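A.B. asks: I have a structure I would like to understand better, so I am pasting it below and will then ask my questions one at a time.
The values are calculated or read from the model by the stated rules, or taken from the named source; none is laboratory data. On a predicted model such as this, the values are computed, not experimentally measured, just so you know. Using ideal geometry, Cβ is built from the backbone for each residue, glycine included, and neighbour counts are taken over all protein chains shown. Surface accessibility is based on the protein's heavy atoms, side chains included, excluding ligands, DNA and RNA. Shrake-Rupley method; radii C 1.70, N 1.55, O 1.52, S 1.80 Å.
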Amino acid sequence: MTAALDALADVPPPADREAVREEYLRRIIPQFTGHQADAAITWSTAHGDLHYGNITRGPHILDWEGWGRAPYGYDAATLYVYALLTPETAARIRTELAPVLDRPEARTGLLTVCAQILQAQDRVDFYAELADPVREHLAHL
């Protein structure tokens, strides 16, 4: 997975495709997390919807309709944060994706995913279940 994410991040971010818009993340991050996005965001190319339903063995990444420009680390952050309900899995993902998630420029990607979950918690049951673990994770950032 790390190799796949690295290969994707090496593709120059497209000017005409946005997985996450800057105006959106600059609004929702402080509103839902109490944190601020980095002043200078590092952008990369992202799948844009990289969750476990879009990954097969190999790994092969499926379902590409949401790909585009996103903050660096957005895809890795999605996999990690979505696993917070299963701490052992989250710990393994955090370890495996540390080369991405430990980079300072991945912070905005992580905050974006957390904010999106908290924003949608009233509409999506899975996000409602994730809300408390996400808040707990945010307390350590």
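A.B. asks: Suppose we filter region 1-39 for residues that are out of contact with any Ser or Thr (no Cβ under 6 Å at 6 or more places or on another chain), open to solvent by 60 Å² or more (accessible area, probe 1.4 Å) and assigned to a loop (DSSP other than H, G, I, E, B); how many remain?
C.D. replies: Result for region 1-39: 9.
A.B. asks: Farther than 25 Å from HIS137 by Cα and out of contact with any helix residue (DSSP H, G or I) (no Cβ under 7 Å at 6 or more places or on another chain), is that true of ARG57? Walk me through how you get there before you give the answer.
C.D. replies: Numbers: farther than 25 Å from HIS137 by Cα: yes; out of contact with any helix residue (DSSP H, G or I) (no Cβ under 7 Å at 6 or more places or on another chain): yes.
Judged against the criteria, ARG57 is a match.
A.B. asks: Of the residues THR56, THR42, which single one is surrounded by fewer than 19 Cβ atoms within 10 Å (Cβ to Cβ) and in contact with an Asp or Glu (Cβ under 8 Å, 6 or more places away or on another chain)?
C.D. replies: From the options THR56, THR42, the qualifying one is THR42.
A.B. asks: Which pairs turn up if I take residues in region 62-75 that are free of Cβ contacts under 8 Å to residues at least 24 places away in the same chain and look for partners that are in a loop (DSSP other than H, G, I, E, B) with beta carbon separation below 7 Å, at least 6 apart in sequence or on another chain?
C.D. replies: So the pair list comes out as ASP63/ASP49; TRP64/HIS47.
A.B. asks: From (1) touching a helix residue (DSSP H, G or I) at 6+ places or on another chain (Cβ under 9 Å); (2) surrounded by fewer than 13 Cβ atoms within 10 Å (Cβ to Cβ); (3) under 21 Å from TYR24 (Cα atoms), pick out the condition that doesn't hold for PRO104.
C.D. replies: (1) is the only condition that PRO104 fails.
A.B. asks: Could you give me the residue pairs with C-beta distances under 9 Å whose first residue belongs to region 41-56 and is at positive phi and in a loop (DSSP other than H, G, I, E, B), whose second residue is open to solvent by less than 50 Å² (accessible area, probe 1.4 Å) and of a type in the set (A, V, I, L, M) wherever it lies, and which are 6+ apart or on separate chains?
C.D. replies: GLY48/ALA19; GLY48/VAL20; GLY48/ALA70
A.B. asks: Can you tell which of TYR82, TYR127 is more than 26 Å from ALA7 (Cβ to Cβ) and either charged (D, E, K, R) or at pLDDT 95 or above (or both)? Write out each step before concluding.
C.D. replies: Details: TYR82 fails: more than 26 Å from ALA7 (Cβ to Cβ).
Among TYR82, TYR127, only TYR127 is more than 26 Å from ALA7 (Cβ to Cβ) and either charged (D, E, K, R) or at pLDDT 95 or above (or both).
A.B. asks: Looking at (1) open to solvent by 50 Å² or more (accessible area, probe 1.4 Å); (2) of a type outside the set (Asp, Glu); (3) in contact with a His (Cβ under 6 Å, 6 or more places away or on another chain), which one does TYR82 not meet, given that it meets all the others?
C.D. replies: For TYR82, the exception is condition (1).
A.B. asks: Follow-up. Within region 62-76, track down each residue that is at pLDDT 80 or above and surrounded by fewer than 24 Cβ atoms within 10 Å (Cβ to Cβ). Walk me through it before giving the result.
C.D. replies: Of region 62-76, the ones at pLDDT 80 or above are 67-76.
If the condition is that a residue be at pLDDT 80 or above and surrounded by fewer than 24 Cβ atoms within 10 Å (Cβ to Cβ), then TRP67, GLY68, ARG69 are the ones that fit.
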